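These notes are about the structure you will find just below.
The values are calculated or read from the model by the stated rules, or taken from the named source; none is laboratory data. Just so it is clear, the structure is predicted and the values come from calculations on it, not from any experiment. Every residue, glycine as well, gets a Cβ built from its backbone with ideal geometry; the counts of neighbours run over all protein chains shown.
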Amino acid sequence: MEIINIKPKFNLQNGSFHIVVWGCQMNVYDADRIRDLMRASGYVELNEPNNADVIILITCAVRAKAEDKVFNQIKNWRHLKIIRDDTIIAFGGCVGSELAHEIVKFDPSIGVVFGPRTTHRLPSLISQYRSTGQSVVDVSADALEKFDTLPEQGLRGPSAFVTIMEGCSNKCTYCIVPHTRGQEDSRPVQDILDEVLNHIGHGVKEIHLLGQNVNSYRGLGEDGQIVRFSTLLYEVAAIPGVERIRFTTSNPMEFTDDIIKAIEDLPTIASAIHIPVQSGSDKVLADMQRNYTSDDYREIIRKLRLARPDILISTDIIVGFPTETEADFEETMRLVNDVKFDLSFSFIYSVRPGTEAALLQDPVDQNTKKQRLYILQKRLEELANEYSKGLIGSTQEVLVEGFSKKDKSELKARASNNRIVVFEGDECLIGNIVKVKINSVLGHTLKGEMI
Ligand code: SF4
């Protein structure tokens with residue numbers, strides 16, 4: 001930990017906080033745990049940043065655009081006087097870890113910089129800033145230390161995230177995550193099961209297991225033996241009250257047959273799996289150091305669909321990687337048409353300083369990249385529309401999450417295949433799994449009636 005920048009002292013003891021999250025589900029999980037921690041430390045959460053004593057920013061470093069957003073947000077709040085002279089800004093998430101001391105050099109008014117591994121120290125870092133008036137930067141800790149000290153989780157609604165591992169030890173050449181979240185470490189099995197049990201006790205029905213690469217989970221079992229991800233899935237599914245399991249993210253490199261068998265055996269595993277492919281070109285995949293070929297990927301999907309014919313596959317695709325030629329892009333389109341992905345994410349390659357790919361010459365101009373992205377997204381949209389229309393007339397088991405935002409007389413629920421379903425129903429259904437017949441499609445939202 002390093003202390004820099006002398007500031008005036010703050011007299012407040014606790015007070016209020018507001019939290020803003022950018023990025024992936026791991027960040028959402030971290031933010032939820034920070035909420036519990038701040039409340040346990042005597043802080044009150046505000047839904048708006050105005051009047052908050054502490055504004056906590058959980059940031060994403062995966063693309064430059066996401067990084068820019070947070071600095072623009074701070075600028076904008078200053079301009080609107082939402083950030084006052086005595087507002088404490090606590091800057092966390094992956095950008096906190098990536099830029100660390102650079103952040104306070106760039107903006108000396110930022111009080112605390114923390115990272116994904118030091119979320120559990122936040123109240124004491126804030127106290128330190130209050131009592132010394134000096135900015136505090138603390139981004140290093142053992143991967144699993146935070147799980148031993150964070151308070152028990154609060155109410156989460158019918159679905160809850162559970163992080164099963166921290167960090168990533170892969171070396172995808174474009175990715176900043178191993179730098180920001182550190183090397184991979186898996187939580188012990190019993191810790192995960194205890195967290196699941198706690199959620200079930202609070203009425204949670206759906207458990208969403210999280211990790212940068214869940215397939216490479218290798219946690220310690222009670223007997224001191226290493227437990228693989230497939231075994232963890234059976235253990236979580238065996239807990240009474242767990243009605244649905246999701247997991248994110250799965251690297252194709254380690255999507256092994258034992259995991260596919262668990263998906264076949266366990267109907268509680270949701271029929272939607274997200275498997276980032278990134279490119280359909282073997283040359284680009286090798287340049288990205290993804291350690292699989294497009295045919296390896298096709299084979300995983302073939303086995304998955306054999307095991308669970310109803311499964312929908314979504315993915316992440318990067319276009320315009322520096323070595324991607326027109327022929328490589330066509331290979332990606334060929335893979336998209338072969339696999340027929342459901343709702344997926346696609347982006348133009350974003351240079352991340354410090355990664356291997358940042359050193360590559362990039363001959364592909366921005367317009368070409370935009371054009372490729374347009375073609376890809378158009379096709380992905382068509383495929384997702386086909387799936388949506390194909391669901392009309394089907395019956396879906398949906399977990400009711402709350403009221404629809406657009407029409408409060410309707411309930412909003414999530415089907416096993418991850419589609420949002422709206423239907424008319426009573427408030428008492430919130431938190432339960434019910435059957436809904438799908439009658440129509442609005443965008444990618446399904447509309448139906450309870451049966
Ligand atoms: S698997 Fe690759 S893309 Fe995913 S977090 Fe690890 S390094 Fe990044």
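Can you spot a residue in the range 140-148 that is within 21 Å of L37 (Cβ to Cβ), within 16 Å of the ligand (Cβ to nearest atom) and either buried (at least 16 other Cβ atoms within 10 Å of the Cβ) or within 21 Å of the chain's Cα centre (by Cα) (or both)?
The answer is yes; a qualifying residue exists.
Taking the residues in the range 111-124 that are out of contact with any Leu (no Cβ under 9 Å at 6 or more places or on another chain) and surrounded by fewer than 24 Cβ atoms within 10 Å (Cβ to Cβ) as candidates, determine which candidate is nearest to F147 (Cα to Cα).
Across the range 111-124, the extreme among qualifying residues is R121.
Would you pick out the residues in the range 158-199 that are under 13 Å from Y217 (Cβ atoms), small (G, A, S) and either at pLDDT 95 or above or more than 13 Å from the ligand (Cβ to nearest atom) (or both)?
Listed by number, the list holds a single entry, S186.
Only residues that are within 20 Å of V95 (Cα to Cα), in contact with a Ser or Thr (Cβ under 7 Å, 6 or more places away or on another chain) and not acidic (D, E): list them for the range 353-374, please.
Within the range 353-374, T355, A357 meet the criteria.
Just to confirm my filter: which strands (runs of 3 or more DSSP E) fall fully inside the range 152-233 and include at least 2 residues that are within 17 Å of the chain's Cα centre (by Cα)?
159-163, 206-210
Would you mind telling me which numbered condition in (1) away from the ligand (no atom under 16 Å from the Cβ); (2) surrounded by 20 or more Cβ atoms within 10 Å (Cβ to Cβ); (3) under 21 Å from S186 (Cα atoms) S250 fails?
Evaluating S250 over (1) away from the ligand (no atom under 16 Å from the Cβ); (2) surrounded by 20 or more Cβ atoms within 10 Å (Cβ to Cβ); (3) under 21 Å from S186 (Cα atoms) leaves (1) as the failure.
Evaluate the range 217-226: report whether one residue or more is touching a residue at least 40 places away in the same chain (Cβ under 8 Å) and within 16 Å of the ligand (Cβ to nearest atom).
So far as the range 217-226 goes, yes, one or more of its residues are touching a residue at least 40 places away in the same chain (Cβ under 8 Å) and within 16 Å of the ligand (Cβ to nearest atom).
Could you check the range 41-88 and list, in sequence order, the residues that are within 23 Å of the chain's Cα centre (by Cα) and assigned to a strand (DSSP E or B)?
E45, I55, I56, L57, I58, T59
Looking only at residues in the range 325-366 that are of a type in the set (D, E) and over 30 Å from T445 (Cβ atoms), which one is surrounded by the most Cβ atoms within 10 Å (Cβ to Cβ)?
D328
Looking at the range 301-321, is at least one residue more than 24 Å from I260 (Cβ to Cβ) and not hydrophobic (A, V, I, L, M, F, W, C)?
Within the range 301-321 (the criterion being more than 24 Å from I260 (Cβ to Cβ) and not hydrophobic (A, V, I, L, M, F, W, C)), the answer is yes, since at least one residue qualifies.
Residues being within 19 Å of G93 (Cβ to Cβ) and touching a residue at least 40 places away in the same chain (Cβ under 8 Å): count how many of those fall in the range 34-48.
6
Just to be sure I understand, how many residues within the range 253-275 are in contact (Cβ under 8 Å) with a residue 60 or more places away in the chain and within 15 Å of the ligand (Cβ to nearest atom)?
Count: 1.
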